[in-house]
Amino acid sequence: MVELLESKKISLYDELEKIVLTSSFSNLAYVDGRKTANKLGFDIWQDLKQIYSEEVLKRKLKIKDLYTDSQAFPDFMFKSISQDNQLIGGEILELKDSKGGGIASFNSTIPTEYKTLKEIERLNGSKGKIVIKIAEIFDKNSSDPLWKTYKRKCFYLIRTHKTDKSKIKVSIVDGAFFETIPEEKLISLMFQNIFNKHAKEYHIPDTVKENASQVFQYLTDHSLISFSQDIPKASIKPRLRIMAEAKNEGNPHWEKYNIPSRTLNLVIKADSESKITREIIEESKLPIKIFTINHQNDGEFLVFSYRVR
DNA sequence: ACTGCTAGTGAGGTCAATGC
DNA sequence: GCATTGACCTCACTAGCAGT
């Protein structure tokens, strides 16, 4: 990535998609924005087209158009690697681009540290199969029995102040930075919060309050919540969607975390594995600064920071 | 059995209004 | 003045239905 930036093939102002495609094209098992990629000069089907015609590919995959932006989760998925009979890699990458200093809203998909393909299939609901169908073709390990169920690490490619030359920051962020309590708990606590506000505003008997928090422990599943609700005699169907905004402490680009502007960063949890990354970077003698962020709710994170001239 | 259409759902980003 | 909340608008994919 650093070499690419220095060779001027990409810049921090390019589309985030272009940054990913330029640096990782051959390592990707899934690209959500096939249309966008094509516009940027990347044809994910180029190799397969040597073997099959476009028509055959469409028929095999049961899709009408090879070049659409699915707008499903995730934006990118890397190919898995089989090592000592175990699947590793296959990471998920989501993009978040915004003009201001905050991270663009998470819409419907709550950010997490890990996700399995099975979970992705479910959370994508009616679009559920598309990711798997495409990734199966590109990932040579897709026949492994654990391919759909092993935990994949989620990363977020975050950019803030994207149009401001003096303030721009780009980071690849460990999903753990956002998931400081598990999703199910988050959702049930959200309903609890809503209820508490009602309790303050209206007279709700104490016995009901006690029962209520028990009930909320069972409201945990976003894919069941997000259906539009058919209410007898109602002529509209209300539809709940959980959107989420990163708080300051969940935004690595928060001023207090001191990531400098005009930098490209990798932000990962400081654990035993990250020590290895640290050693590799230190030995590489690349112009990368290493420092730590103390996440208010989730311990220490390591930042590998490269400044763009 | 096949085709074409549409309702339902998932996702994205930005801006306006409101609250503190 | 900045953060939070509400709203807007767009597009893709699938299931299921109606018509042939």
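The values are calculated or read from the model by the stated rules, or taken from the named source; none is laboratory data. Everything numeric here is computed off the predicted structure, so don't read it as measured data. Reconstructed Cβ throughout: ideal geometry from the backbone, glycine too, with neighbour counts over all protein chains shown. Surface areas here come from the heavy atoms of the whole protein model, side chains and all, with no ligands, DNA or RNA. Shrake-Rupley method; radii C 1.70, N 1.55, O 1.52, S 1.80 Å.
May I ask you to list the residues in the range A:67-109 that are in a loop (DSSP other than H, G, I, E, B), among the aliphatic types (A, V, I, L, M) and crowded, with 19+ Cβ neighbours inside 10 Å?
A:ALA72, A:ILE103
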Residues that are farther than 22 Å from A:SER24 by Cβ and part of a helix (DSSP H, G or I), drawn from the range A:37-56: A:ILE51, A:GLU54, A:GLU55, A:VAL56
If A:PHE191 passes every condition in (1) modelled with pLDDT under 85; (2) in a helix (DSSP H, G or I) but one, which one does it miss? (1)
Can you name the residue in the range A:30-89 that is among the polar types (S, T, N, Q) and under 14 Å from A:VAL131 (Cα atoms) and, of all such residues, is nearest to DNA strand B (Cβ to nearest atom)? A:GLN71
Lone unmet requirement of (1) basic (Lys, Arg); (2) outside any helix (DSSP H, G or I); (3) open to solvent by 30 Å² or more (accessible area, probe 1.4 Å) for A:LYS200: (2)
Would you confirm whether any residue within the range A:289-303 is in a helix (DSSP H, G or I) and open to solvent by 50 Å² or more (accessible area, probe 1.4 Å)? no
Suppose the filter is modelled with pLDDT of 90 or more, aromatic (Phe, Trp, Tyr) and within 12 Å of DNA strand B (Cβ to nearest atom); does A:PHE155 pass it? no
State whether one or more residues within the range A:225-242 are within 19 Å of the chain's Cα centre (by Cα) and open to solvent by 70 Å² or more (accessible area, probe 1.4 Å). yes
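The rows are residues; the columns are (1) among the basic types (Lys, Arg); (2) within 15 Å of the chain's Cα centre (by Cα).
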{"position": "A:GLU94", "(1), (2)": "no, yes"}
{"position": "A:ALA104", "(1), (2)": "no, yes"}
{"position": "A:SER108", "(1), (2)": "no, yes"}
{"position": "A:ILE132", "(1), (2)": "no, no"}
{"position": "A:LYS148", "(1), (2)": "yes, no"}
{"position": "A:LYS153", "(1), (2)": "yes, yes"}
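Test of understanding: among A:LYS233, A:LYS247, A:LYS200, A:LYS169, which residue is on the phi > 0 side of the Ramachandran plot and more than 12 Å from DNA strand B (Cβ to nearest atom)?
Working: A:LYS247 fails: on the phi > 0 side of the Ramachandran plot; A:LYS200 fails: on the phi > 0 side of the Ramachandran plot; A:LYS169 fails: on the phi > 0 side of the Ramachandran plot.
Just one listed residue meets the conditions, A:LYS233.
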Exactly one of (1) touching a residue at least 12 places away in the same chain (Cβ under 8 Å); (2) open to solvent by 10 Å² or more (accessible area, probe 1.4 Å) is unmet by A:ARG34. Its number? (2)
Please work out if A:VAL173 is assigned to a strand (DSSP E or B) and within 15 Å of the chain's Cα centre (by Cα). yes
Tell me the residue from A:ASN211, A:ASN258 that is over 30 Å from A:GLY128 (Cα atoms), in contact with a strand residue (DSSP E or B) (Cβ under 8 Å, 6 or more places away or on another chain) and exposed (fewer than 14 other Cβ atoms within 10 Å of the Cβ), please. A:ASN258
Here is a list: A:ASP139, A:ASP164. Which entry is acidic (Asp, Glu), more than 17 Å from the chain's Cα centre (by Cα) and open to solvent by less than 40 Å² (accessible area, probe 1.4 Å)? A:ASP139
Failed criterion for A:GLU136 (all others in (1) more than 9 Å from DNA strand B (Cβ to nearest atom); (2) out of contact with any helix residue (DSSP H, G or I) (no Cβ under 7 Å at 6 or more places or on another chain); (3) in a strand (DSSP E or B) hold): (3)
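Of A:LYS62, A:LYS118, A:LYS151, which residue is open to solvent by 10 Å² or more (accessible area, probe 1.4 Å) and either within 15 Å of DNA strand C (Cβ to nearest atom) or within 27 Å of A:LEU40 (Cα to Cα) (or both)? Before you say what the answer is, go through the steps one by one.
On the way: A:LYS118 fails: either within 15 Å of DNA strand C (Cβ to nearest atom) or within 27 Å of A:LEU40 (Cα to Cα) (or both); A:LYS151 fails: either within 15 Å of DNA strand C (Cβ to nearest atom) or within 27 Å of A:LEU40 (Cα to Cα) (or both).
Testing whether each residue is open to solvent by 10 Å² or more (accessible area, probe 1.4 Å) and either within 15 Å of DNA strand C (Cβ to nearest atom) or within 27 Å of A:LEU40 (Cα to Cα) (or both) leaves just A:LYS62.
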Tabulated pairs, the range A:56-77, first β-branched (Val, Ile, Thr), second in a helix (DSSP H, G or I), C-beta under 9 angstrom, 6+ apart or interchain: A:ILE63/A:LEU57; A:ILE63/A:ILE130; A:ILE63/A:LYS133; A:ILE63/A:ILE134; A:THR68/A:ARG34; A:THR68/A:LYS35
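Could you tell me how many of the residues in the range A:1-22 are more than 19 Å from A:HIS161 (Cα to Cα) and either part of a loop (DSSP other than H, G, I, E, B) or over 19 Å from the mean Cα position of the chain (by Cα) (or both)? Let's see the steps before the verdict.
Keep residues of the range A:1-22 that are more than 19 Å from A:HIS161 (Cα to Cα), which gives A:1-4, A:6-9, A:21-22.
Still in the running and either part of a loop (DSSP other than H, G, I, E, B) or over 19 Å from the mean Cα position of the chain (by Cα) (or both): A:1-4, A:6-9.
Here the count works out to 8.
A:ASP221 - would you say it is open to solvent by less than 100 Å² (accessible area, probe 1.4 Å), more than 16 Å from DNA strand C (Cβ to nearest atom) and under 30 Å from A:ILE290 (Cβ atoms)? Reasoning before the result, please.
On the way: open to solvent by less than 100 Å² (accessible area, probe 1.4 Å): yes; more than 16 Å from DNA strand C (Cβ to nearest atom): yes; under 30 Å from A:ILE290 (Cβ atoms): no.
Considered against the rule, which asks whether it is open to solvent by less than 100 Å² (accessible area, probe 1.4 Å), more than 16 Å from DNA strand C (Cβ to nearest atom) and under 30 Å from A:ILE290 (Cβ atoms), A:ASP221 comes out as no.
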